Amino acid sequence: MTAPFFKYGLFGDQAGLVLAFVIGIGFGFFLERAGFGSARKLVSQFYLNDLAVFKVMFTAIVTALLGVTYLSWMGVLDLSLVYLTPTNIWPQIAGGLLLGVGFVIGGYCPGTSVASMATGRLDGLAFVAGLPAGTLVFALLFPWLKGFYESGNLGVRTLPQVFGLSHGLVVFAVVVMAVGCFAGATALERMMARKALVGMEGAAPLGEMEGAAPSAPPAAGGK
């Protein structure tokens with residue numbers, strides 16, 4: 001976020017560190033306020049009954065996309081100066097799958113684990129401790145993993161390049177997709193809530209039969 005201002009010398013190293021710290025604290029605060037410091041809430045997205053994580057992250061992506069696009073059209077931001085991570089397709093697919101499996105099992109990603117640890121949760125602390133441990137293991141194994149790490153190199157690729165479309169058209173398509181995904185996610189949450197409610201109502205008679213003594217039969221003659 002602060003990189004363009006730093007690049008043009010609007011502030012120095014010390015001010016950059018202070019600003020990064022303040023932005024990081026704010027980011028963690030809003031993560032926690034959104035409930036993303038709880039592994040239970042985060043994992044709920046995989047059970048399809050609470051898609052708040054999906055909605056918030058998609059909102060962040062679309063907001064950043066529109067912001068960058070409008071700033072570029074206004075001549076404030078030069079998109080050619082924005083750093084883009086090169087695509088190494090196979091290691092990135094493997095890394096995404098590994099992160100996803102860890103997310104499902106433990107309930108955190110790197111950012112949310114820090115927010116969780118800051119509120120005193122021990123599972124968040126365990127995840128944060130795993131970050132340097134995993135980094136160390138990867139560094140030690142890198143000589144053997146280097147070939148795979150550099151495989152599938154496609155260079156810097158963007159969606160407009162991949163699909164042969166203009167930047168504006170891709171932005172419009174992503175926004176339309178986001179609106180549709182939001183509506184679909186909300187409908188899915190409601191469907192799962194109704195399904196859970198029906199399941200609870202269907203289980204009530206069984207619970208009464210198991211937990212309560214059978215009622216006495218009516219006396220002869222209706223008395």
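Per the listing L71, L42, L17, the residue uniquely within 19 Å of F127 (Cβ to Cβ) and either hydrophobic (A, V, I, L, M, F, W, C) or at pLDDT below 85 (or both) is L42.
Here the condition is being surrounded by fewer than 12 Cβ atoms within 10 Å (Cβ to Cβ), in contact (Cβ under 8 Å) with a residue 12 or more places away in the chain and either out of contact with any Pro (no Cβ under 9 Å at 6 or more places or on another chain) or within 30 Å of V43 (Cα to Cα) (or both); of T135, T119, it holds for T119 alone.
Is it the case that some residue within region 77-88 is modelled with pLDDT of 85 or more and of a type in the set (F, W, Y)? Checked against the condition, which is being modelled with pLDDT of 85 or more and of a type in the set (F, W, Y), region 77-88 yields no hits at all.
Scanning region 105-127 for residues that are in contact with an Asp or Glu (Cβ under 9 Å, 6 or more places away or on another chain) and over 13 Å from F29 (Cα atoms) yields G106, G107, Y108.
Matching residues to (1) loosely packed, with under 12 Cβ neighbours inside 10 Å; (2) touching a residue at least 24 places away in the same chain (Cβ under 8 Å); (3) of a type in the set (S, T, N, Q); (4) in contact with a Cys (Cβ under 6 Å, 6 or more places away or on another chain):
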residue	(1), (2), (3), (4)
L131	no, no, no, no
L140	yes, no, no, no
W144	yes, no, no, no
F148	no, yes, no, no
R157	no, yes, no, no
A173	no, no, no, no
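The values are calculated or read from the model by the stated rules, or taken from the named source; none is laboratory data. Just so it is clear, the structure is predicted and the values come from calculations on it, not from any experiment. FYI the Cβ positions are ideal-geometry reconstructions off the backbone, even for glycines, and counts take in every protein chain you see.
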